[in-house]
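Q: Let me give you the structure first, and then I'll get to my questions.
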Amino acid sequence: MNYRLIDLKVHGDERGKLISLEGMKNIPFEIKRVYWIFDTLPSQDRGMHAHKKMEQIIVAMDGACQFVLDDGKTREKVWLNRPDQGLYIGRNMWREMKNFSYGCKLMVLANDYYEEKEYIRDYNDFLKEVNE
Ligand code: TYD
């Protein structure tokens, strides 16, 4: 399975807490794109796709959601519910995001620009791609 949870170093004192993300340091790629998801609803799932080349780190800045991760052979579920933890998802991983808390805020760092061509949005196409 090409994913892992990464504990992010927290700089904390009596004023609060701070986390810094740097490409090729605590993030295992150069960061080319940042986007975030907000105004989520528990009834609305997202994702349902894989990427041929994209690598991402996802942080639940606020709230929680569940990731279903699938490499074409195995399916695992991971809760993302801490602002000090990053979920790394590598290439060729099918992902579904479910069970969002109301107003969950997910920040996503990616190693490349948005390109729709790079998405696999059909599960059967994904299975063909990983089994080739
Ligand atoms: P979508 O891929 O459906 O989001 P999710 O992976 O959370 O299910 O993206 C929603 C819309 O936003 C879709 O029209 C594509 C667009 N989009 C961009 O323009 N740039 C981006 O970086 C991303 C991730 C999406």
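Q: Which value in deg cm²/dmol, rounded to the nearest 500, describes the helix-derived mean residue ellipticity at 222 nm for the chain, given -39,500 (n - 2.57) per DSSP H run of n ≥ 4 and division by the residue count?
A: Helix-only estimate at 222 nm: -2000 deg cm²/dmol.
Q: Structure shown: which of 77/128; 98/128; 17/73 lie over 30 Å apart, alpha-carbon to alpha-carbon?
A: From the list (77/128; 98/128; 17/73), the Cα-Cα distance tops 30 Å for 17/73.
Q: How large a share of the accessible area of the chain, in percent, is made up of carbon and sulfur atoms when the probe is 1.4 Å and the other protein chains stay in place?
A: Values: 3820 of 7950 Å².
The C+S portion of the solvent-accessible surface of the chain is 48 percent.
Q: So what is the accessible area of region 87-128 per residue, in Å², with the probe set to 1.4 Å? Write down the numbers at each step before the final one.
A: On the way: 2120 Å² over 42 residues.
Here the residues of region 87-128 average 50 Å² of exposed surface.
Q: What percent of all Cα-Cα pairs in region 69-118 falls into each 10 Å bin, going from 0 up to the bin containing the maximum distance?
A: For region 69-118, the binned pair fractions read 17, 49, 32, 1 percent.
Q: Give the shape of the chain as rounded, prolate or oblate, defined through the alpha-carbon gyration tensor: a ≥ b ≥ c are the square roots of its eigenvalues, a/c under 1.5 means rounded, and otherwise the shape is prolate if a/b is larger than b/c and oblate if not. Numbers along the way, then the final one.
A: Values: a/c = 1.96, a/b = 1.45, b/c = 1.35.
The shape class here is prolate.
Q: What FRET efficiency would be calculated for the residue pair residue 131, residue 32, taking the C-beta separation as r and a Förster radius of 22 Å, to the nearest 0.05?
A: The formula returns an efficiency of 0.15 here.
Q: Sticking with this one: Mind ordering 111-121, 50-60, 91-101, 7-17 by average Cβ neighbours within 10 Å, highest first?
A: Working: 111-121: 12.3, 50-60: 20.5, 91-101: 18.2, 7-17: 9.3.
Averaged packing, sorted descending, gives the order 50-60, 91-101, 111-121, 7-17.
The values are calculated or read from the model by the stated rules, or taken from the named source; none is laboratory data. Bear in mind that the values here come from a model prediction, so they are computed numbers and not experimental data. Positions of Cβ are backbone-derived with ideal geometry, glycine not excepted, and every protein chain shown enters the neighbour counts. Remember, those area values only see protein heavy atoms, side chains included, never the ligands or the DNA or RNA. Shrake-Rupley method; radii C 1.70, N 1.55, O 1.52, S 1.80 Å.
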